[in-house]
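Take a look at the structure set out below.
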Amino acid sequence: MKTSATHILNPFLIPFAKFFLIFIVTFPGFTQVNKAEYFLALGGISINSSDIDQDGDTDLIVGHHAGEIIDTAVTIIYNSGNGIFSEEFSVLQFEGYQNDIFTQNINNDSLPDIVAFNFLPDAKSYFLRALFNSNGSFNQYDDYLLNDNYNRKTYGDINGDSKTDVVLSSSNGQKWGVFINNGTGQLGNPEYYDVTGYWPTDIECGKLNEDNRDDVVLTGQKTEIYFSYETGFQVSVIDDYPNLTLKIADMDNDGDNDITAVTCFGNTSVFIYENQGNGNFIKHTAGVYNEFNSYRFDVGDLDNDSLPDAVFASFDGIYVVFNNGDFSMGQPEFYPVTYPGLADGHTHCCDLNNDGYRDIAIINGSFDVYTTVLTLFYNDGSGNFIPDPPTHITEKAAALKNILNAHPNPFQTTSTIRFCLEQEEYVELMILGLDGKLARTLCNSNLEKGEHQYTWNGRDAEYSSCNPGVYLCILKTGNKLYSLKLLLKN
């Protein structure tokens, strides 16, 4: 059943109104225990990453549970370079439970915007809020009135037009909704759909069939896929077993996305739904872990074997579980945090220090009633995690430049990518978005020893213009993988 709702725009800053005003605050006393631990405001409940200030480094964005006691909704922690974060940070202040905070280019410029929730307690009204990035400041935003209290959200290209759409779900109201990006810098009026027979606990988007549209997966007491077509959504239930959270990724590296789901009832169970094509999925029990009890996880290739691994957040640290490649996961490896939280933390995988390896960030609720602790774990390049950035970054970056580089970068029309092979071997050269989605394959063949170059014109495989923003150039040679950030400008 589809219903509609009102779209309210607030394109300007309203002064002197506590719950409407966005404050950009810089704190000179950002508390840092060492290079890997930072103290933030109370109520941190989600974490994500993006190059907010477009300086080529990955910044971190933390969402908070903002209300009567906590006035911080979002904290932005800026990367000073090589994975060391600034002692100055910015906060955005308004009310709202900021689960699943994320950044995407909503208004079709070259800058990542922040998507959050906003709540007006006096009116008892709930909004989806898009905060627009203007060279690192967020003084302008649009609010979109919601028909209920929605607690989960994510993004995808639902209608296949290469624009970022937003989807969200309500566990209280048994419904989910989608905001289609109208291509003019705004989201259109939402479309809502009822969920029958269960309360959704998580929602994700990704391409799960052969078309060019992202599909929607909901989980709770059961897991079902809403396949997106021009005529609407077609629902397929893939499991009646209760799951709590899920991720979409190519777990077996066969070119199509699978679904990973987690539940925890006394232990942690991981299930992988193998994509067989044509909307068919086979369920595999990838691992059952008695060592921890957590449903908060993220996926990413942590040991550089092209297979997504998993990291789980607990109240006292992280558990890293490597992908065996046969729809099973290995034994967990535990890394403790200095300051345990009062509840399970929230974790995120990203490259913090530009060395081509995915690192791990975790926020732990509060170890007391005042503070959220951000802890960073740096990948040493082989899937081991250490508390400080590796000292070999500079040397590695210099060596990598001789192997893989691009000019010009940033670029507007074309960029020439050059690399050097030490021997004849099979090469894959790909352009990926920061969300891991393939934009273009430039080379997929056997090449001779020596120097090679390819030109990317900022277009995808169907020759459509890619949105401005940061992309990853991935070079795979034999069992080695190299990455380079490319910035496509307007």
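The values are calculated or read from the model by the stated rules, or taken from the named source; none is laboratory data. Predicted model, so just to flag it, every value in this text is computed and none were measured. Virtual Cβ from ideal backbone geometry, glycine too; neighbours counted across all protein chains shown. In case anyone asks, the SASA skips ligands and DNA or RNA and just uses the protein heavy atoms, side chains included. Shrake-Rupley method; radii C 1.70, N 1.55, O 1.52, S 1.80 Å.
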Surface share of carbon and sulfur [accessible, 1.4 angstrom probe, percent] for region 320-361
50
Average Cα contact separation per residue, the chain, under 8 Å, 6 or more apart, as relative contact order %
11
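Given the pairs 207/449; 163/247; 153/222, which are separated by over 25 angstrom at their Cα positions?
Numbers: 207/449 36 Å; 163/247 21 Å; 153/222 18 Å.
Listed pairs above 25 Å: 207/449.
Kindly provide the helix-only [θ] at 222 nm of the chain, computed as the sum of -39,500 (n - 2.57) over DSSP H runs of four or more divided by all residues, to the nearest 500 deg cm²/dmol? Don't skip to the end; give the middle numbers.
Values: 1 runs with 11 residues, N = 490.
Computed ellipticity for the chain at 222 nm equals -500 deg cm²/dmol.
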Taking θ = phi - 60°, what integer Hz values does the Karplus form 6.51 cos²θ - 1.76 cosθ + 1.60 yield along region 371-377, in sequence order, with x for Gly and Pro?
9, 10, 9, 9, 10, 10, 10
Residues whose built amide H sits under 5 Å from the amide H of residue 425, excluding neighbours closer than 5 in sequence, are 447
The local net charge around residue 90, scoring Lys/Arg +1 and Asp/Glu -1 for residues other than residue 90 whose Cβ lies under 12 Å from its Cβ, equals -3
Relative packing of 292-305, 93-106, which averages over residues the other C-beta atoms within 10 Å, highest first
93-106, 292-305
Suppose every K and R has +1 on its Cβ and every D and E has -1 on its Cβ; what is the size of the dipole of the chain about the Cα centre, in Debye to the nearest 20?
800
Using the Cα centre of region 149-205 as the reference point, and only Cβ charges (+1 on K/R, -1 on D/E), how large is the resulting charge dipole? Debye, rounded to the nearest 20.
160
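So, counting K/R as plus one and D/E as minus one, what does the shell of residues with Cβ under 11 Å around residue 196 add up to? Please report the intermediate quantities before stating the final value.
Working: positive: 175, 222; negative: 194, 224.
Charge balance in the 11 Å sphere: 0.
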If you keep only loop residues by DSSP, which chymotrypsin sites (Phe, Trp or Tyr not before Pro) in region 445-490 have at most 11 other Cβ atoms within 10 Å of their Cβ?
463
Just the accessible area per residue of the chain, please: how many Å² with a 1.4 Å probe?
41
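Find, among the GluC sites (Glu not before Pro) in region 426-490, those assigned to loop by DSSP (not H, G, I, E, B) with at most 16 other beta-carbon atoms within 10 angstrom.
Details: sites: 428, 448, 451, 462; in loops: 448, 462.
Qualifying residues, ordered by number: 448, 462.
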Along the charge dipole of the chain, which of 466, 335, 312 sits closest to the positive end, that is, farthest toward it, with unit charges on the beta carbon of Lys, Arg, Asp and Glu (+1, +1, -1, -1)?
466
12 Å beta-carbon shell around residue 333, net charge (K/R +1, D/E -1):
-3
Checked against the positive end of the charge dipole of the chain (+1 on Cβ of Lys and Arg, -1 on Cβ of Asp and Glu, about the Cα centre), the farthest of 132, 413, 262 is 132
Rounded to the nearest 10 Å², what accessible area does residue 264 show when all protein chains are kept and the probe is 1.4 Å?
20
Rounded to two decimal places and with Rh computed the Kirkwood way over Cα pairs, what is Rg over Rh for the chain?
0.94
